[in-house]
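First up is the structure itself, then whatever we jot down about it.
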Amino acid sequence: MRRFLASLRDGVGFDILLVGAAMVFLVAMAGLPLIYNVLMSFQQVDMFTLGSLIRPWAGFQNYIDVVREPAFWLVTKNTFIFVFFSMGGQFIIGFALALFFAQNFPGASTIRGLFLVSWVMPGLVVGAIWSWILAGDFGVLNTILKGLGIIQSNVFWKSDPAFSIWAVVIANIWLGLAFNMLLLSVGLAAIPRDLYEAAELDGANAFQRFWTITLPMMRSTIGAVLSLGLIGTLQQFDLFPAITEGGPANTSTVAQYWSWQMSFQLYDFAKGATISVMMLVLVLIASIIYVRSTRHEVRG
Amino acid sequence: MKLNAFGLLAAVSLGAMSLATPAFAQVTLKIWSIDGVDRVGIADTFSKEFDEANEDIVVEYRAIPFDDLVNETLRAFATGNAPDIVSFDNPDFALFSSRGAMLDITDRIANSTEIKAENYFQGPLNSVSWDGKYFGIPKYTDTIGVFYNKDLFAKAGITEPPTTWAQLVEYAEKLTDPANNVYGATFSARAGEEGTFQFLPIIQMSGGGYDNVATDGAAEVLDLWKKMVDNGWASKDVLSLGQWDSTGTFNSGNAAMAISGPWEVNRMVEDAKFDWGVALLPTITEGGERSSALGGFDWGIMSTTKHPDEAFRALEYFAAQDHRIFEEFGSIPARSDIELPVTGIATKDAALKVFKEQLQYAQPRGPHPEWQKISKAIYDAMQQALTGQMPSKDALAQAQTTINGILGK
């Protein structure tokens, strides 16, 4: 008994206690809702059975119904466009900016800090602002593009099926840019200077230094940034109701907005849960990549 | 002595208890509505008055934002914490009444001196009816018509507002003036309830309904709308603008006609720097079937209430105030026995006269317990047709298939 108590204070028991506390928290706050959500996707959920746990079993019917929805393939396509181009844009521009601000010039770190402003703003506010910028008849972006002579007539970003998903992608790139840039800046700062000095002595040019030093040294950071980017993009919801509401004709509806729409606008909670379980699988893959890429991280 | 003092004390406390009894017998009514979230409205004002006028009743009023009202009430009902009285938007009402969540008040209405079913407009009354019974009473109502800019009409040499959709499109073409940023017409074909609100009347005019959307007439008008959008006689942004923003472009003189409702009138009186009027919603053929959207909220008592008598008294009190709601809140009573007061503002009085006439043709959305899904099928079809992703006929046929699935046909 004394040994048990002693181990609680200092030893294996203490470790288990700490881990246990974290696990209880995780299971209660994340695990149970997750299981509940998965369970719901296999049940017939009625708005008036929302409060009960035991409901008629539906098997895979909800999944079949979701796939058979006329909008399913359109939403799938939109989701991939949104995720791929949002992440791509955020990462490439974010990396470019990180490299730019890694140069030593007066005010570099101050200006880099200012970029955080976009990340601090709530998604709904960002959405509302971009909604004005992208407005068709009196939008700022159209005025600028026309002034530059790039377009002749107004582009209806929010109402043209050819552009609606891109309207949200543009706003999302802007929103996630700062986060990408900051994480990548941290990665860049961690690369020892002497590597570059040695490379320069050996006569490597800027591109070679980037390709053979920066990129390999940044591998784990890039992996983390991309996985977090994927998760963040799949979570991005606020911009959709604020800019396009998924329209016109579902051409800018993505999975996460669709899931919300099913549950809280059409009150079809089972289908809403089903779509989110499908997304969960995607996020799971991203998480595995993230965990694997950070496993080799050297700390301290 | 000591015993006596104790007895006295007991007597006093007994007396105090009996005095306090009325307070214990007070009935608490929970009333939920969207009024009072951003501005003072009907429900919060009258609930407070009812609370103050009745010693035996305490009203706990709660204002809930529009987007949360249905979800919040569903959750409360599922967990047994539902309010006694709630006020829903009329298409949401059937969701609750059809599942036994609202109290059947047919007999109470029949015995009431204050609430008489025959005083209400048919459309609003249908929205609180299910299975031939009344589950609530209309709170107020609204509808849509065509606002038109008389100055621009005169400039284009047009004397009368359009009476058919074909004419509306013809006028829109004449009124369009890109040099001055003027579109011929504006409306709301948004991906949401507002889109259905504006398009369903067309289906109804063509002899259809929410259960029969694939009519030739509806496809014909949809093609006309598409023509307006394609040719730039209406902004492409009608696909994403709500009615309030869409009509805003009319007020600033950037659209010569706007389809919207009486809630615009007060703002228009202030903002519009031109002469304007309102016309009934056009018909498909000259002198053809009329229809219009039916907006507005309903009152209902939830079936879980423990105080149905007191709750119905509250509804009677609310109904008795109907003559005040136009003057105080700008809402139109859903009743034919109440005359709207004259405001003295010519455009406003003329507009309200037209809307009052339009209300006679207003038809409810549904009622159906799965209205939201039906509505999505309708506005999806409208948007698919307007964006050219599908011909109008095919889009409406696809919507019909979806709706048949929902209706179990």
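The values are calculated or read from the model by the stated rules, or taken from the named source; none is laboratory data. All of these numbers come straight from a predicted model, not from anything done at the bench. Note that each Cβ is placed from the backbone with ideal geometry, even for glycine, and that neighbours are counted across all protein chains shown.
Key figures for this structure:
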item	result
Boolean, B:ALA166 is surrounded by fewer than 20 Cβ atoms within 10 Å (Cβ to Cβ) and away from every other protein chain (no Cβ under 14 Å)	yes
Residue match in region A:181-196 (condition: surrounded by fewer than 16 Cβ atoms within 10 Å (Cβ to Cβ), on the phi > 0 side of the Ramachandran plot and either polar (S, T, N, Q) or out of contact with any helix residue (DSSP H, G or I) (no Cβ under 7 Å at 6 or more places or on another chain) (or both))	no
So B:LEU74, is it in contact (Cβ under 8 Å) with a residue 40 or more places away in the chain, within 11 Å of chain A (Cβ to nearest Cβ) and aliphatic (A, V, I, L, M)	no
Long-range neighbours under 7 Å by Cβ, at least six apart or interchain, first residue closer than 15 Å to A:ALA171 by Cβ and at the interface with chain B (Cβ under 10 Å from one of its Cβ atoms) within region A:134-145, second aromatic (Phe, Trp, Tyr) and loosely packed, with under 15 Cβ neighbours inside 10 Å	A:GLY139/A:TRP132
Members of region A:211-231 that are of a type outside the set (S, T, N, Q), touching a residue at least 60 places away in the same chain (Cβ under 8 Å) and farther than 15 Å from A:GLY94 by Cα	A:ARG219
Helices (runs of 4 or more DSSP H) contained entirely in region B:62-134, each with at least 2 residues that are among the aliphatic types (A, V, I, L, M)	B:66-78, B:90-97, B:106-111
Unique match (being in contact with a Gly (Cβ under 7 Å, 6 or more places away or on another chain) and modelled with pLDDT under 95) among B:PHE93, B:PHE121	B:PHE93
Filtered residues of region B:322-348 (kept if surrounded by fewer than 15 Cβ atoms within 10 Å (Cβ to Cβ) and of a type in the set (Asp, Glu))	B:GLU327, B:GLU328, B:ASP337, B:GLU339
Filter pass, B:THR106 being within 10 Å of chain A (Cβ to nearest Cβ) and either out of contact with any Leu (no Cβ under 7 Å at 6 or more places or on another chain) or more than 20 Å from B:PHE135 (Cα to Cα) (or both)	no
Filter result (within 25 Å of the chain's Cα centre (by Cα), within 13 Å of chain A (Cβ to nearest Cβ) and surrounded by fewer than 24 Cβ atoms within 10 Å (Cβ to Cβ)) within region B:217-259	B:GLY242, B:ASP245, B:GLY248, B:THR249
Tally, over region A:210-241, of residues that are farther than 15 Å from A:LEU175 by Cα and among the small types (Gly, Ala, Ser)	4
Residue in region B:332-342 that is at pLDDT 90 or above and within 14 Å of another protein chain (Cβ to nearest Cβ) present	no
Matching residues in region A:38-96 - criterion: being more than 18 Å from A:PHE240 (Cβ to Cβ), surrounded by 13 or more Cβ atoms within 10 Å (Cβ to Cβ), under 29 Å from the mean Cα position of the chain (by Cα) and of a type in the set (Phe, Trp, Tyr)	A:PHE42, A:TYR63, A:PHE91, A:PHE95
Residue check, A:ALA273 away from every other protein chain (no Cβ under 14 Å), surrounded by 17 or more Cβ atoms within 10 Å (Cβ to Cβ) and over 17 Å from the mean Cα position of the chain (by Cα)	yes
